[in-house]
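In what follows, a structure is listed as structure tokens, so that the remarks can point back to it.
Every read-out reported here was derived from the displayed coordinates using simple, explicitly stated rules and does not represent laboratory data. Here the structure is a predicted model, which is why all the values come from computation and not from measurement. Glycine gets a Cβ as well: all are built from the backbone with ideal geometry, and neighbour counts include every protein chain shown.
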Amino acid sequence: MPDRTARTPAPTADRPDRLRNVALVGAGGVGKTTLAEALARTAGVLTRAGTVPDGTTTADWEDIEHQQQRSVQLALLPLPHRGLKVNLIDAPGYADFAGELQAALRAAEAALFVHSAADPAVPRPVRALWQQCEDARLPRAIVLTHLNTARVRLDDVLRMLQDTLGTPDTVRLLHHVDLHDGHLRGSTDLLTGRTYGAPGDTPDLGAERARLVEALAGEDDTLLARYLDGEGLDTDALTAGLRRELLAGTLHPVLATAPDGTGCDALLDLVADAFPSPADRTDDLPAADPGAPLAAQVVHTGEDPYLGRLSLLKVFSGTLHPDTTAHLPDGTEERLTALHTPLGHQLRPAPHAVAGDLATVTKLTTARTGDTLTTGSTALPPWPLPEALLPTAVRARSKADEDKLSQALGRLSAQDPALRVEQNPDTGQLVLWCTGEAHLAVTLDRLTARHGVHVDTVPYEVALRETFAAPAEGHGRHVKQSGGHGQYAICDLTVEPLPGGGFEFVDRVVGGAVPRHFVPSVEKGVRSQLAHGLHGHPMTDVRVTLTDGKAHSVDSSDAAFQTAAALALKEAADHTAVEVLEPVDEVRVLLPDEYQGAVLTDLSARRGHVLGTEIGGPGLSLVRAEVPELELTRYPLDLRSLSHGTGRFTRSYLRHAPMPAHLAAQHTGG
């Protein structure tokens, strides 16, 4: 791929107020990466903008991103603009990569919501994200793309945004947009009169400007008095009002852009004039003080075939210099050697990273994504992560792959906190827990591309159990004579169900029929047979009572009584039914009210027992149910489809319960 990077130094910032950290967020396919490319071209960082279909964008550089035609990880593009350093963070829009999105929001002080004008509505997941930012008091603006789509009417799009995300007073155009035959020719700033692009003849903008100025002056008594007195308001006063309203969350500016870069200079000016710097943070995280002890957090981890692990740090306080020694909260030390300013996957040397800035360091040995690195005592809290609830069992394709698999998965899980790796102790399977099929595809691709490990997916198994359906008795006789010492052990057992009780062993032998020192051997043999089960699944919830037996003074042994106990247990099973138990999970589903009926019907079809529903928040329902784990294997995908991407659920093991006979037969061969 030809290098399109402009031969200019990487932007730097010496003070937090010279920084702007902005996350590009929105649904998948709305043009976030294309917009990031256009902004980088406008800022002079790139000589030519790449495209997603061609796989030439700076932000999407992994092969899997080219194959899937979407971002799967956050990417940082530092842009210089008017003496500021704008850290533009391109966040994935697809639900499987919500962990990367949340990491981008942790690193940013403001969010640019990108919306395709071709979409008739804001998707529900984006509305939920908007509310999350509202709750966190994160300033937001809206950027419109795809205005060249046929039949797009800007007034209709704006009205829909106002109805969905705010009101006509809070969601406002800052510019008069010249949209002609689906082509964005340019715009005119209503506050300053500055033009962007090449707008045609504009009508009288006095009324539009007056409405905007009145809105900006409304919360400032001094400014409002000047406005009502007819005093002209200068640009600085209006810009200050715009910044104040945006930071307070009472104004969400709307701007229009085009892939050719039209509108990007206006967007960068808005970021410079009105967006917060790290010094404006009002949350509970450390203040952006360059002179304080270092407190930085790993917000993303990547890998380079030559440099090894690449850790993107957000410096919350202090100043990060090369060759700094910091420690994790547990006291583990890390040496932070050379610093770099990333541009996508390219790295350029950085002299330092001041509080509020982002920088990449190489070859950290212990720190994982989400970890804090500090020279003081600060431990930064993690950001919310989606729970990995989609299981996939894998096995190494060859012995060589098996030797490398464990280390490779350890490195991947350190980089991707949304990935959970489990060696299931009941089934013996190696299970990858992912957030969805796209997340799984990325994980498998990285195993091969980064670590040279090939695996095959195999059917996922749930941990079934067996138990006795009714009391039964068994007689175990293990007698062999073959010259020399023989083997002699006889024992009689009574087995009865013990629902929820696990395993209990009772000794009721009288008269020394089984010598005391062989009773533990009987219990050991019973436990061993229970662990293997009778149909390949461990047996549980039984009370086994030793009632009688016989021993030989010479030929009895520990091994003989273990074998006799196992035979007695098997014979008892022949005299009664053996039930197959399946794990049952407690499931809690949070979803919009309108999808409650469909989800309840689906849970019933999964053999679920609905415990109840309750209010889960404004317009939300919380459904509680008990569902067999066997029916939940694909539930993350099905719930996403049923609720149009808006439903979330949690699951926790509750108990093992009898499986219906027709299903049990499939798992026992009966």
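Pairs of Cα atoms under 8 Å, at least six residues apart: use those to get the relative contact order of segment 354-507, whole percent.
Relative contact order of segment 354-507: 20 percent.
Which cross-chain or sequence-distant (5 or more) residues have an amide H under 5 Å from the amide H of residue 454, H modelled 1.01 Å from N in plane?
For residue 454, whose amide H was placed from the backbone, the distant partners under 5 Å are 397.
Mean shadow of segment 465-553, computed from the convex hull of its alpha carbons, in nm²?
Mean projected area of the Cα convex hull: 6.3 nm².
List every residue whose amide H lies under 5 Å from the amide H of residue 186, counting only residues 5 or more places away in sequence or on a different chain, with H placed 1.01 Å from N in the peptide plane.
178, 198
What FRET efficiency would be calculated for the residue pair residue 609, residue 283, taking the C-beta separation as r and a Förster radius of 51 Å, to the nearest 0.05?
0.80
Quick one: dipole size for segment 53-161, taken about the Cα centre, charges +1 on Lys/Arg Cβ and -1 on Asp/Glu Cβ, in debye to the nearest 20.
Result for segment 53-161 is approximately 540 debye, rounded to the nearest 20.
Can you tell me the relative contact order of segment 18-105? Whole percent, Cα pairs under 8 Å, sequence separation 6 or more.
Contact order relative to length: 35 percent.
Please tell me the relative contact order of the chain in percent, rounded to the nearest whole number, where contacts are Cα pairs under 8 Å and at least six residues apart.
10
If you place +1 on the Cβ of every Lys and Arg, -1 on the Cβ of every Asp and Glu, and leave all else neutral, what size is the dipole of segment 1-96 about its Cα centre, to the nearest 20 Debye?
Magnitude of the dipole: close to 580 debye.
Just to check I understand the Karplus step: with θ = phi - 60° and J = 6.51 cos²θ - 1.76 cosθ + 1.60, what whole-Hz values come out for segment 176-182, glycine and proline as x?
7, 9, 9, 10, 10, 6, x
How much length would be gained if the chain were fully extended between residue 338 and residue 240, taking 0.36 nm per residue of separation minus their Cα-Cα distance, in nm to one decimal?
Gain on stretching residue 338 to residue 240: 31.4 nm.
Among (i) -0.30; (ii) -0.35; (iii) -0.40, which one is log10 I(q)/I(0) by the Debye sum over Cα atoms at q = 0.05 Å⁻¹ computed from these coordinates?
(ii)
By how many degrees, between 0 and 90 and to the nearest 10, does the Cα long axis of helix 437-451 differ from the longest principal axis of the chain?
90
Which of the pairs 32/363; 480/550; 524/570; 524/550 have their Cα atoms more than 19 Å apart in this structure?
From the list (32/363; 480/550; 524/570; 524/550), the Cα-Cα distance tops 19 Å for 32/363.
With unit charges on the beta carbon (Lys/Arg positive, Asp/Glu negative), name the residue among 235, 247, 325 whose Cα is farthest towards the positive pole of the charge dipole of the chain.
Final value for the positive-end residue is 325.
With n ≥ 4 as the cut-off for DSSP H runs, can you work out [θ] at 222 nm for the chain, using -39500 (n - 2.57) per run divided by the number of residues, rounded to the nearest 500?
-8500 deg cm²/dmol
Assign unit charges at the C-beta atoms only (+1 for Lys and Arg, -1 for Asp and Glu), then state the dipole size of the chain relative to its Cα centre in Debye, rounded to the nearest 20.
Approximately 1260 debye in magnitude.
Using amide H atoms built 1.01 Å from N in the peptide plane, name the residues 5+ places from residue 147, or on other chains, whose amide H lies under 5 Å from its own.
Excluding prolines and chain starts, which carry no amide H, the hits are 117.
For segment 204-216, what does the Karplus curve 6.51 cos²θ - 1.76 cosθ + 1.60, with θ = phi - 60°, yield as ³J(HN,Hα) per residue in whole Hz, taken in order and with x for Gly and Pro?
5, 9, x, 5, 4, 5, 4, 5, 5, 4, 4, 5, 6
Quick one: net charge around residue 92, please, counting Lys, Arg +1 and Asp, Glu -1 for every other residue with C-beta under 12 Å from its C-beta.
Overall, the nearby charge balance is -4.
Using each residue's phi in segment 401-406, evaluate 6.51 cos²θ - 1.76 cosθ + 1.60 at θ = phi - 60° and report the 3J(HN,Hα) Karplus result to the nearest Hz, with x for Gly and Pro.
Running phi through 6.51 cos²θ - 1.76 cosθ + 1.60 with θ = phi - 60° gives 5, 4, 5, 9, 5, 4 Hz.
Which is farthest toward the positive dipole end of the chain among 160, 103, 361, measuring Cα position about the Cα centre, with Cβ charges +1 (Lys, Arg) and -1 (Asp, Glu)?
Projecting each Cα onto the dipole axis, the largest value belongs to 361.
Between helix 124-135 and the chain, what is the angle of the helix's C-alpha long axis to the longest principal axis, kept within 0 to 90° and rounded to the nearest 10?
Taking the Cα atoms of the chain, the angle to 124-135 is about 70 degrees.
Select from 74, 91, 122 the residue farthest towards the positive end of the dipole of segment 48-128; place +1 on Cβ of Lys and Arg, -1 on Cβ of Asp and Glu, and compute about the Cα centre.
Farthest towards the positive end: 122.
Report, to the nearest 10°, how far helix 519-532 tilts away from the longest principal axis of the Cα atoms in the chain, using its own Cα long axis and a range of 0 to 90°.
50
So, in nm, how far is label residue 480 from label residue 650 when the simple model puts each one 7 Å beyond its Cα toward the Cβ?
5.4
Would you please classify the overall shape of segment 341-473 from the alpha carbon gyration tensor, given that a ≥ b ≥ c denote the square roots of the eigenvalues, rounded means a/c under 1.5, and beyond that prolate means a/b larger than b/c while oblate covers the rest?
prolate
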